[in-house]
Amino acid sequence: MFGAYDIPLKIEQEGISLSVEKDGETLVYRRECADEKVEKTLLTGKGKLLIHPVEPLNKPKALTSNLLIEFDKTLMAAPKETSKIFLTFPVEIGVFISKGKSSDILDVMTLAGQKFTLYGDPKHGVICKYWKSEVFSALPSVNPIHEGVIGLDITNTTAKWLEVTQAVFNAQGMRIYYDDTLVSMKANMKIMGKVIAETDFIDSPLRKGMAKSLELYVSRKLQVVVPKFVMEAGL
Amino acid sequence: MILDRVVYGKVTLLNLIVVVVILVVAVLIAKILSIYLRRSLKEKLDKENLEVIRKVVYYGIIIIALFSVLPMLGINFSGLLVAGGIVGLAIGFASQRVVSNLISGLFLFIERPIRIGSAVTVSGISGVVEDIHIISTTIRTWDGFPVRIPNEQVFASNITNYVVNVARRFSYVIGIRYSDDAEKAMEIIKNLVEEHPLALKNPAPFLFVDELGESSVNIVVKVWTPVTEWFGVKAELLWKIKQALEKEGIEIPFPQSEVWFANELKRQEIKDSDQSSS
């Protein structure tokens with residue numbers, strides 16, 4: 001489903017119905033997905049439609065830029081060691097309209113479950129998009145329309161065994177790659193204490209040949225420092 | 001010359017004109033600077049801080065101008081200090097509330113229990129803080145009316161700030177009939193809350209049978225939501241809960257009383273008389 005499409009087009013896939021049709025001098029974009037209908041008129045007669053996986057933080061409302069992934073089982077991180085695990089994340093499908101070098105978001109949809117949670121306490125905590133994931137030791141096979149895969153390197157920098165039950169990521173640093181069968185991200189989690197860790201993303205695909213997605217959450221400032229999320233309210 | 005005419009003491013008409021001109025110019029400069037600050041810092045500072053800076057600059061210029069023209073009016077500060085005792089007392093009594101409001105306003109700026117844009121209840125008035133002035137605070141009620149509250153009252157009253165935290169909780173009490181299955185009702189409600197994306201996963205929603213009421217078994221439901229979304233979620237969920245319970249045959253009862261008649265025979269007699277008449 002992901003890729004670039006010439007207009008007009010019609011896509012029917014896994015409960016998603018998407019079309020762009022000519023209507024005189026303009027184009028009409030129609031989409032149906034999970035009981036949600038969208039119709040927009042595009043004031044142009046030509047262009048391209050780009051369908052990419054985007055940061056999973058837009059549906060049902062863009063309330064937060066943080067994604068919390070709860071592990072289905074508790075992990076014990078060995079002292080001074082780095083381990084690689086694979087987690088799933090919800091996929092949101094971004095539809096971009098493109099003309100020449102200019103492209104902008106037209107619509108976002110998802111087939112994945114949606115839930116929010118609070119990380120930390122109500123005064124100092126942050127609202128996060130919530131996702132519960134199985135923990136895999138090898139790259140799992142998932143439906144790329146529904147779920148993506150994060151390859152997460154967990155580094156325990158302390159001298160103690162520590163329990164890890166969740167990871168929080170900030171959308172500013174998310175770098176999503178896709179191909180026909182996989183949507184992926186690569187991330188690090190550096191544990192610095194019993195309740196403190198730092199997460200960030202690596203700008204590379206999980207496997208060769210994947211294309212990079214367009215990003216919705218682009219930092220306005222020059223990224224001299226890689227955007228990180230500091231987990232201070234527990235692992 | 002007419003401008004040299006003495007008005008009182010050593011103060012001439014020229015002095016008075018100069019004083020008025022200086023004050024008018026000071027007010028003009030203060031206003032221009034205030035507008036300039038608003039325009040130039042609009043995107044760099046949040047509205048609240050910008051307002052504070054604007055007001056400090058505005059009133060600062062006027063106060064400096066006022067103090068600089070006082071000697072022209074024959075008022076010197078040493079004299080003021082002597083006269084200050086009596087005049088200050090008189091002014092103090094007269095402007096007690098104004099000064100109190102002013103000082104309360106300063107404390108509000110320092111403590112910041114509320115900010116511009118916050119949803120609050122102050123002195124029993126609920127709404128959004130529209131502006132915090134040096135003397136008073138304006139709250140726009142949910143119905144859209146601006147209400148001016150003196151800062152003294154704001155400072156001294158209980159303030160509920162609904163948006164200071166990122167999440168908040170709301171509750172329902174849902175009564176069902178004694179004949180209904182309370183466990184089933186709780187399961188239906190729990191599933192609905194868990195399905196709602198904006199009802200937070202953590203802190204977890206909480207529901208329990210709270211009371212065996214006169215006409216109903218009362219189930220309390222407590223749900224946490226992002227603070228910006230609570231009202232919409234509360235309204236939406238309550239309606240969904242009502243519909244889902246009714247769909248499963250669980251009804252929300254009306255208040256009811258059992259009435260015992262002392263004499264059942266009387267009813268029989270009326271029935272008999274009805275039959276005989278027919």
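The values are calculated or read from the model by the stated rules, or taken from the named source; none is laboratory data. As the structure is a computational prediction, the values presented were derived from the model and not from experiment. Backbone-built Cβ (ideal geometry, glycine too); neighbour counts: all protein chains shown. All accessible areas refer to the heavy atoms of the entire protein, side chains included, with ligands and DNA or RNA removed. Shrake-Rupley method; radii C 1.70, N 1.55, O 1.52, S 1.80 Å.
In region B:239-278, which residue that is open to solvent by 90 Å² or more (accessible area, probe 1.4 Å) and of a type in the set (Val, Ile, Thr) is modelled with the highest pLDDT?
So, considering only residues that are open to solvent by 90 Å² or more (accessible area, probe 1.4 Å) and of a type in the set (Val, Ile, Thr), the one modelled with the highest pLDDT is B:259.
Out of the residues in region B:193-211 meeting the condition of being without any contact (Cβ under 8 Å) to a residue 24 or more places away in the chain and not charged (D, E, K, R), tell me which one is farthest from the other protein chains (Cβ to nearest Cβ).
Only one residue fits best here, namely B:208.
Please tell me if residue B:164 is within 14 Å of chain A (Cβ to nearest Cβ), open to solvent by 80 Å² or more (accessible area, probe 1.4 Å) and not acidic (Asp, Glu).
yes
Could you say whether any residue in region A:204-218 is assigned to a strand (DSSP E or B) and touching a residue at least 24 places away in the same chain (Cβ under 8 Å)?
Yes; the residues of region A:204-218 include at least one that is assigned to a strand (DSSP E or B) and touching a residue at least 24 places away in the same chain (Cβ under 8 Å).
Under the condition of being closer than 13 Å to residue B:116 by Cα and touching a residue at least 60 places away in the same chain (Cβ under 8 Å), which residue from region B:129-161 is nearest to the other protein chains (Cβ to nearest Cβ)?
Among residues in region B:129-161 that are closer than 13 Å to residue B:116 by Cα and touching a residue at least 60 places away in the same chain (Cβ under 8 Å), the one nearest to the other protein chains (Cβ to nearest Cβ) is B:132.
Please enumerate the residues belonging to region B:167-189 that are over 27 Å from residue B:256 (Cβ atoms) and either touching a helix residue (DSSP H, G or I) at 6+ places or on another chain (Cβ under 8 Å) or open to solvent by 40 Å² or more (accessible area, probe 1.4 Å) (or both).
B:168, B:169, B:170
Condition (residue is away from chain B (no Cβ under 14 Å), under 23 Å from residue A:29 (Cβ atoms) and out of contact with any Phe, Trp or Tyr (no Cβ under 7 Å at 6 or more places or on another chain)) applied to region A:166-188: is it met by at least one residue?
Checking region A:166-188: at least one residue is away from chain B (no Cβ under 14 Å), under 23 Å from residue A:29 (Cβ atoms) and out of contact with any Phe, Trp or Tyr (no Cβ under 7 Å at 6 or more places or on another chain).
Which of the residues spanning region A:30-88 are touching a helix residue (DSSP H, G or I) at 6+ places or on another chain (Cβ under 9 Å) and among the aliphatic types (A, V, I, L, M)?
A:57, A:67
Return the residue satisfying two criteria in turn: it lies in region B:219-229 and is open to solvent by 10 Å² or more (accessible area, probe 1.4 Å) and within 12 Å of another protein chain (Cβ to nearest Cβ), and of such residues it is modelled with the highest pLDDT.
Here the residue is B:224.
Within region B:98-105, can one find any residue that is touching a helix residue (DSSP H, G or I) at 6+ places or on another chain (Cβ under 7 Å) and open to solvent by 50 Å² or more (accessible area, probe 1.4 Å)?
no
Considering only strands (runs of 3 or more DSSP E) fully contained in region B:153-268, which possess at least 1 residues that are closer than 30 Å to residue A:63 by Cα and over 25 Å from the mean Cα position of the chain (by Cα)?
B:167-176, B:206-212, B:217-226
Can you name every one of the strands (runs of 3 or more DSSP E) wholly within region A:23-136 that holds 1 or more residues which are away from every other protein chain (no Cβ under 14 Å) and touching a residue at least 24 places away in the same chain (Cβ under 8 Å)?
By residue number, A:26-33, A:36-42, A:48-54, A:66-77, A:81-90, A:92-99, A:102-110.
Consider residue A:71 against the criteria (1) closer than 29 Å to residue B:232 by Cα; (2) touching a strand residue (DSSP E or B) at 6+ places or on another chain (Cβ under 6 Å); (3) not acidic (Asp, Glu): it satisfies all of them except one. Which criterion is unmet?
(1)
Give the residue, chosen from A:228, A:208, A:212, A:160, that is among the basic types (Lys, Arg), more than 30 Å from residue A:50 (Cβ to Cβ) and open to solvent by 70 Å² or more (accessible area, probe 1.4 Å).
That would be A:160, the only listed residue that is among the basic types (Lys, Arg), more than 30 Å from residue A:50 (Cβ to Cβ) and open to solvent by 70 Å² or more (accessible area, probe 1.4 Å).
Can you tell me which residue in region B:190-217 is farthest from residue B:174 (Cα to Cα), limited to those that are modelled with pLDDT under 90 and among the polar types (S, T, N, Q)?
Only one residue tops the list, namely B:202.
Among (1) under 24 Å from residue A:217 (Cα atoms); (2) among the β-branched types (Val, Ile, Thr); (3) open to solvent by 10 Å² or more (accessible area, probe 1.4 Å), which single condition is residue A:155 missing?
Of everything listed in (1) under 24 Å from residue A:217 (Cα atoms); (2) among the β-branched types (Val, Ile, Thr); (3) open to solvent by 10 Å² or more (accessible area, probe 1.4 Å), residue A:155 misses just condition (1).
Conditions first: (1) under 30 Å from residue A:42 (Cα atoms); (2) of a type outside the set (A, V, I, L, M, F, W, C); (3) out of contact with any strand residue (DSSP E or B) (no Cβ under 9 Å at 6 or more places or on another chain). Residue A:143 passes all but one, so which condition is the exception?
Here residue A:143 clears every test but (1).
Can you pull out the residues in region A:173-203 that are more than 30 Å from residue A:120 (Cβ to Cβ) and assigned to a loop (DSSP other than H, G, I, E, B)?
Correct list: A:179, A:180, A:181, A:182.
Results for (1) farther than 18 Å from residue B:134 by Cα; (2) at pLDDT 75 or above; (3) basic (Lys, Arg), shown as yes or no for each residue.
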residue	(1), (2), (3)
B:13	yes, yes, no
B:16	yes, yes, no
B:19	yes, yes, no
B:30	no, yes, no
B:38	no, yes, yes
B:54	no, yes, yes
B:57	no, yes, no
B:64	no, yes, no
B:69	yes, yes, no
